[in-house]
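Written out below as structure tokens is the structure these notes cover.
The values are calculated or read from the model by the stated rules, or taken from the named source; none is laboratory data. Fair warning: this is a prediction, and the values are worked out from it, not measured in the lab. In this analysis, Cβ positions are derived from the backbone assuming ideal geometry, glycine residues included, and neighbour counts consider all displayed protein chains.
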Amino acid sequence: MNEYLQKCEAELVNGYAKKRHPFRYFSLATIADDKPRLRTVVLRKLLSDFTLLFYTDLRSAKVSQLQENNQVSALFYNPKKLLQIRVDGEVFFETDEKILKSYWNNIPENSRKDYITKLKPGSSINEDDEIEYDAENPNFVAVKIKAHTIEYLQLQRPSHLRLLFSRADDQWKMQNLVP
Ligand SMILES: Cc1cc2nc3c(=O)[nH]c(=O)nc-3n(C[C@H](O)[C@H](O)[C@H](O)COP(=O)(O)O)c2cc1C
């Protein structure tokens, strides 16, 4: 594998494997009615061949947006290294019950609250309303982003390094770009 693609892989793995690594969180862009929508999500894992994994609530707005249009962009930034990685790709929902169960079982009890609110995420509530939970009916979903292109940008002197990796016939080809 190309040395810089290897670097991308190592940084993404560090994102979920190393405590407090800046790649633990990424900005995820979706499209809704031709408008961009952004939010932060947690990188849970890097699956084989640059497939990113994150978790969400099945009822969240992003899921319906992804069902309409599965093209996404994911942005990572490491301020210490001045390194930005942008992954563009398409989304698939994990459907294998066994795999879903193993992910769910690994989520700490108190973090499962994120997927068991009685009302769907984004519902309007009153200021003094308590959030209610329904542990019996989790709306947990695992989302995979299969990378099509990966753009690597390393800010450095004397000149920045910008590389575009594109997937072609299951091979990655690299193109240098003007930074
Ligand atoms: C640090 C941080 C991490 C987050 N991680 C996730 C996550 O892993 N999954 C998720 O669905 N929402 C996560 N959120 C909340 C989302 O950013 C977003 O507010 C929520 O999912 C609703 O988004 P939507 O209405 O676009 O679906 C996180 C927010 C922050 C600030």
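The residue of the range 61-95 that is surrounded by the most Cβ atoms within 10 Å (Cβ to Cβ), among those that are within 15 Å of the chain's Cα centre (by Cα) and in a loop (DSSP other than H, G, I, E, B), is N70.
Here's the yes/no breakdown for (1) more than 8 Å from the ligand (Cβ to nearest atom); (2) touching a residue at least 60 places away in the same chain (Cβ under 8 Å); (3) aliphatic (A, V, I, L, M):
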{"site": "L5", "(1), (2), (3)": "yes, yes, yes"}
{"site": "L12", "(1), (2), (3)": "yes, yes, yes"}
{"site": "G15", "(1), (2), (3)": "yes, yes, no"}
{"site": "A29", "(1), (2), (3)": "yes, no, yes"}
{"site": "V42", "(1), (2), (3)": "no, no, yes"}
{"site": "K45", "(1), (2), (3)": "yes, no, no"}
{"site": "L52", "(1), (2), (3)": "yes, yes, yes"}
{"site": "S60", "(1), (2), (3)": "no, yes, no"}
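Do you know which residues across the range 126-173 are in contact with a strand residue (DSSP E or B) (Cβ under 8 Å, 6 or more places away or on another chain), surrounded by fewer than 15 Cβ atoms within 10 Å (Cβ to Cβ) and closer than 21 Å to Y77 by Cβ? Once the filter is applied, which keeps residues that are in contact with a strand residue (DSSP E or B) (Cβ under 8 Å, 6 or more places away or on another chain), surrounded by fewer than 15 Cβ atoms within 10 Å (Cβ to Cβ) and closer than 21 Å to Y77 by Cβ, the range 126-173 yields L155, H160, L161. Looking across the range 27-38, the residues that are surrounded by 13 or more Cβ atoms within 10 Å (Cβ to Cβ) and over 9 Å from the mean Cα position of the chain (by Cα) come down to A29, T30, I31, A32, R37.
Okay, residues lined up against (1) in contact with a strand residue (DSSP E or B) (Cβ under 9 Å, 6 or more places away or on another chain); (2) farther than 27 Å from L5 by Cβ; (3) modelled with pLDDT of 95 or more; (4) surrounded by 11 or more Cβ atoms within 10 Å (Cβ to Cβ):
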{"site": "I99", "(1), (2), (3), (4)": "yes, no, yes, yes"}
{"site": "W104", "(1), (2), (3), (4)": "yes, yes, yes, yes"}
{"site": "E109", "(1), (2), (3), (4)": "no, yes, no, no"}
{"site": "L119", "(1), (2), (3), (4)": "no, yes, yes, yes"}
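Condition first: in a loop (DSSP other than H, G, I, E, B) and closer than 22 Å to S64 by Cβ. Now tell me which residues in the range 98-132 satisfy that. Answer for the range 98-132, where residues must be in a loop (DSSP other than H, G, I, E, B) and closer than 22 Å to S64 by Cβ: I116, K118, L119, K120, P121, G122, S123, S124, I125, I131.
Is it true that N137 is at pLDDT below 95 and either of a type in the set (S, T, Y) or more than 22 Å from the chain's Cα centre (by Cα) (or both)? In short, yes.
The requirement of being touching a Lys or Arg at 6+ places or on another chain (Cβ under 6 Å) and surrounded by 13 or more Cβ atoms within 10 Å (Cβ to Cβ) is not satisfied by L47.
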